[in-house]
Amino acid sequence: MTVMSGEIDLRARIDEFFRTSFATDNPLITEAIQRMLAAGGKRLRPRLTLLAAQAAGGNIEEHLAISAYMELIHVATLIHDDVVDQADTRRGVNATAVDFGNRISVLAGDYLFAWIFKNVTADYQHPIPHILSATLASICDGEVLQLRSLDNIALDMAGYREIASKKTASLFAASARCGAIVGGGSPEIIKALTRFGELFGIAFQMKDDLLDFVAEQAEVGKPVGHDLVEHKVTFPVIVALAMLDDAAKAPLLQYYGGDDDSLTAAIRAVTQSAAIDRSNSIFEQTLDEALDALAPLPKEAHAPFAALVESVRR
């Protein structure tokens, strides 16, 4: 079993793999993808794939390709998201659509999905291709569910978790599951790591929603408050609507009712209430549940996953 000296080394190894081994048959698309990769990112999904492979008994060096495909699926979804959301920036640089236009961006995302699956189906046996195809369907389903929930102040926590599970957590779960499978894990280990990935992914989406209210743009690499501008009913909003009295949540009701001039007041209704603290508490609890899911793994295998959790908790 290969043991890396730390999470920084793991991320560096993934980035080195992209620099030396990634190229498609289309130079323009390769350039667009390489620019997105060079802009940064935590590489959480491929890191999770490699950690799961290692925890299952595999050699990290043998599974860099499958981990890279997880990141590339994520990159393709971001390219499409920025077109749908008409976003100007991503990871602190121009969104792909700004530099290449919407048409090239949509085609680049489509091409990348096809390129990934061409390679996966050629190099990996069942159930890896099925897991990834089902995951992509789930991501698209989650995006549609989110679009249909715009301005829906009746969206509750169960509905939110369904969207987060499909839109975000499904790829984390697939990353962990595929890593565990190629690493040779037992069914019990595969199930535990998949569950960790799912809960970790839900917590990751919760944190992303929180940062939309409280972070600076330099910290998240995209405009802060963008989710509310798009009329998404996100995690802190659901918490605020559940705990605030009628007077305190009136600006939120006005904004989601169509009064765009009440945006600033709606943001204050969330940030100046106990909703942020309560949201943080739920986020922390979800991360703890993710760590609890690792119980079937040997104790010595827990530390790298705890470090991954801490990188999101901070």
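Just a few scattered comments:
- Kirkwood-based shape ratio for segment 57-109, expressed as Rg/Rh from alpha carbons: 1.16
- Segment 7-313, relative contact order in percent, only Cα pairs under 8 angstrom and at least six apart counted: 20 percent
- About its Cα centre, the dipole of the chain is roughly 660 debye, where the only charges are +1 on Lys and Arg Cβ and -1 on Asp and Glu Cβ.
- 23 Å Cα-Cα threshold exceeded, pairs from 166/191; 167/249; 118/191: 167/249; 118/191
- Sequence of 140, 178 once ranked by neighbouring C-beta atoms within 10 Å, starting from the fewest: 140, 178
- Sequence-distant residues sharing a close amide H with residue 89 (under 5 Å, placed H): 95
- The chain: angle of helix 96-123 to the longest principal axis, Cα-based, in degrees nearest 10: 40 degrees
- Extension gain from residue 250 to residue 230, taking 0.36 nm per residue of separation minus the Cα-Cα distance: 5.3 nm
- Residue by residue, segment 53-62 carries 3J(HN,Hα) couplings of 4, 5, 5, 7, x, x, 9, 4, 4, 7 Hz when phi is fed to the Karplus relation 6.51 cos²θ - 1.76 cosθ + 1.60 (θ = phi - 60°); x denotes Gly or Pro.
- Per-residue HN-Hα couplings for segment 68-85 [Karplus 6.51, -1.76, 1.60; θ = phi - 60°; Hz; x = Gly/Pro]: 5, 4, 4, 5, 5, 4, 4, 4, 4, 5, 5, 4, 5, 4, 5, 6, 4, 8
- Size descriptors for segment 7-313, from the alpha-carbon set: Rg then Dmax equal 19.5, 59 Å.
- Volume of the convex hull of segment 197-314 (Cα atoms only), normalised per residue: 103 Å³.
- Nearest-0.05 FRET efficiency for residue 110 and residue 265, computed from C-beta distance (R0 45 Å): 0.65
- J(HN,Hα) series, segment 142-154, from Karplus relation 6.51 cos²θ - 1.76 cosθ + 1.60, nearest Hz, glycine and proline x: x, 5, 5, 4, 5, 4, 6, 9, 4, 6, 8, 6, 7
- Restricting the calculation to Cα atoms, segment 243-308 shows an Rg/Rh of 1.29 when the hydrodynamic-style radius is the Kirkwood one.
Just so you know, all these numbers are worked out from the coordinates, no wet-lab data involved. What you see is a predicted model; the values in this text were computed from it and never measured. Neighbour counts are summed over all protein chains in view; Cβ atoms, including those assigned to glycine, are modelled from backbone coordinates with ideal geometry.
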